[in-house]
Amino acid sequence: MIDIKYARENAQVVKASQKSRGESVELVDELLKADESRRDAIAKFESIRSEQNTFSKQVGAAKGDEKQQLLTKAKDLANEVKAADQLRAEAEQKYREIALKISNIVDANAPVGGEADFKVLEEIGKPRDFAKEGFTPKDHVELGKILKAIDTERAAKVSGARFYYLTGIGALLELALVNLAVNFAVKAGFIPMIPPVLVKPGSMEGTGFLGQAAENVFHLKEDDFYLVGTSEVPLAAFHMDETIDNLPIRYAGISPCFRREAGTYGKDTRGIIRVHQFEKVEMFSFCHPDQAQAEHKRLLEWEKEFFKSLELPFRIIDVATADLGSSAVRKFDCEAWIPTQNAYREVTSTSNCTDFQARRLNIRFKDENGTKPVATLNGTLVAVPRTIVAILENHQQKDGSVMVPKALQGYLGTDRILPA
């Protein structure tokens, strides 16, 4: 939720942000109008209530017929207070409903545009020239069958499309990646967390996943629980309605994640690139708002360091404004090279959400200037399926085996995965 005081004083900036996201500019005027109505309703309620409090003292001091007359008037005032309170509550609710529809104000340095308008910041590593090596690379599905590591056909029989089994070395590879990521995060100072993955509506709404992202959220209507698409949600809500100190506080969440993948019919249906359930290790940071940009760069550097250890060619992109999540002011993606697609594909991302989520979740800190919302940031350290895709395809050999990056060899107990 944006700072309403900032919106009052900088309406054109908020409108420009909404426009660059491809979202409603008119909502800003609606918000300011609702805010004015809300403040008027609050002022009227407080005025009548103050009059009631003053009048109550007169009633207490009165006697006889005078007291009876005053009691009658007091009853009328009580009804007025009740009515004014109802109008105040309605105005507050209308204001909140509109406020929740407005996304965070984009960083002025973020590239403006849609999905294709990102800016490449850095390319790390060089894709292999398989032609020079004398063979055509196999995709991860074929490699998964050769290695008996991935089974999507049986998963489709059991659960439907966009599900998979990791079997044998595939399962061990997932565990190796998760353990490598957790150990990496702990060494960097993160507190490991295994959070709940079923959350209440307030947690999902507070992190901004019931707006533009709602179509991709699994909702258990009977119990009114949501399955999280990222442990960012329970990690952010961990300190909901709290005042915290000793910033920054950094957590690393290890959890399964669930996404409906609505609107992607026919896209990435082969293999395990776009699936409904996957394991992820997520970094999450609560920090002082003045440190948010610096913390964002730190999260990106940790992501880069982790992927360098996997010996994968990848690049860093600055995501364009219309492709940002509603909570993020700026987002950097790490994209791994996928040889058989001859393209880079997103494997991790990191977002600066400033104080947007903290305002919704009521998470604050105290300093010499008073009590204020904290800043929240998130960054994926490893999303397992796409990372497995990148490892299999980039490290494959002519005979169908796959070389294991040195960082993972101690976890897998081998330097090469052989055909089964």
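Just to be sure, is Ser326 of a type outside the set (D, E, K, R) and not in a strand (DSSP E or B)?
Spelling it out, Ser326 is indeed of a type outside the set (D, E, K, R) and not in a strand (DSSP E or B).
When you scan region 182-193, do you find a residue that is among the charged types (D, E, K, R) and either crowded, with 17+ Cβ neighbours inside 10 Å or more than 30 Å from Leu247 (Cβ to Cβ) (or both), even just one? Lay out the reasoning, then the answer.
Within region 182-193, the first condition is being among the charged types (D, E, K, R), and the residues that meet it are 187.
Now drop any that are not either crowded, with 17+ Cβ neighbours inside 10 Å or more than 30 Å from Leu247 (Cβ to Cβ) (or both), which leaves none.
No: zero hits.
For region 166-181, enumerate the residues that are surrounded by fewer than 20 Cβ atoms within 10 Å (Cβ to Cβ), farther than 18 Å from Glu393 by Cα and touching a strand residue (DSSP E or B) at 6+ places or on another chain (Cβ under 8 Å).
Selection gives Val178 alone.
Of the residues that sit in region 255-288 and are of a type in the set (A, V, I, L, M) and not in a loop (DSSP other than H, G, I, E, B), which one is nearest to the chain's Cα centre (by Cα)?
First pass over region 255-288, keeping only residues of a type in the set (A, V, I, L, M): 262, 272-273, 275, 281, 283.
Then drop every residue that is not not in a loop (DSSP other than H, G, I, E, B), which leaves 281, 283.
Working: Val281: 13, Met283: 11 Å.
Among those that are of a type in the set (A, V, I, L, M) and not in a loop (DSSP other than H, G, I, E, B), it is Met283.
Taking region 120-153 on its own, how many of its residues are aliphatic (A, V, I, L, M) and part of a strand (DSSP E or B)?
Matching residues across region 120-153 total 4.
Conditions (1) touching a helix residue (DSSP H, G or I) at 6+ places or on another chain (Cβ under 7 Å); (2) in the same structural domain as Lys126 (by TED's automatic domain parsing); (3) assigned to a helix (DSSP H, G or I); (4) of a type in the set (Lys, Arg), marked per residue:
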{"position": "Cys334", "(1), (2), (3), (4)": "yes, yes, no, no"}
{"position": "Val347", "(1), (2), (3), (4)": "yes, yes, no, no"}
{"position": "Ser351", "(1), (2), (3), (4)": "no, yes, no, no"}
{"position": "Asn378", "(1), (2), (3), (4)": "yes, yes, no, no"}
{"position": "Val389", "(1), (2), (3), (4)": "yes, yes, yes, no"}
{"position": "Glu393", "(1), (2), (3), (4)": "yes, yes, yes, no"}
{"position": "Gly400", "(1), (2), (3), (4)": "yes, yes, no, no"}
{"position": "Gln409", "(1), (2), (3), (4)": "no, yes, yes, no"}
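Please identify the pairs in which a residue from region 143-158 that is among the basic types (Lys, Arg) has its Cβ atom under 8 Å from the Cβ atom of a residue that is in a helix (DSSP H, G or I) and surrounded by 17 or more Cβ atoms within 10 Å (Cβ to Cβ), counting only partners at least 6 apart or on another chain.
Taking only residues 6 or more apart or on different chains, the pairs are Lys148/Ile169; Lys148/Gly170.
When you check Ala252 against the structure, is it modelled with pLDDT of 95 or more, in a helix (DSSP H, G or I) and surrounded by 17 or more Cβ atoms within 10 Å (Cβ to Cβ), yes or no? Before you say what the answer is, go through the steps one by one.
On the way: modelled with pLDDT of 95 or more: yes; in a helix (DSSP H, G or I): no; surrounded by 17 or more Cβ atoms within 10 Å (Cβ to Cβ): yes.
No: the conditions fail for Ala252.
Restricting the search to region 393-406, which residues are surrounded by fewer than 17 Cβ atoms within 10 Å (Cβ to Cβ) and hydrophobic (A, V, I, L, M, F, W, C)?
Result: Met403, single match.
The values are calculated or read from the model by the stated rules, or taken from the named source; none is laboratory data. Computed from a prediction, not measured in an experiment: that's the story for all the values here. Glycine gets a Cβ as well: all are built from the backbone with ideal geometry, and neighbour counts include every protein chain shown.
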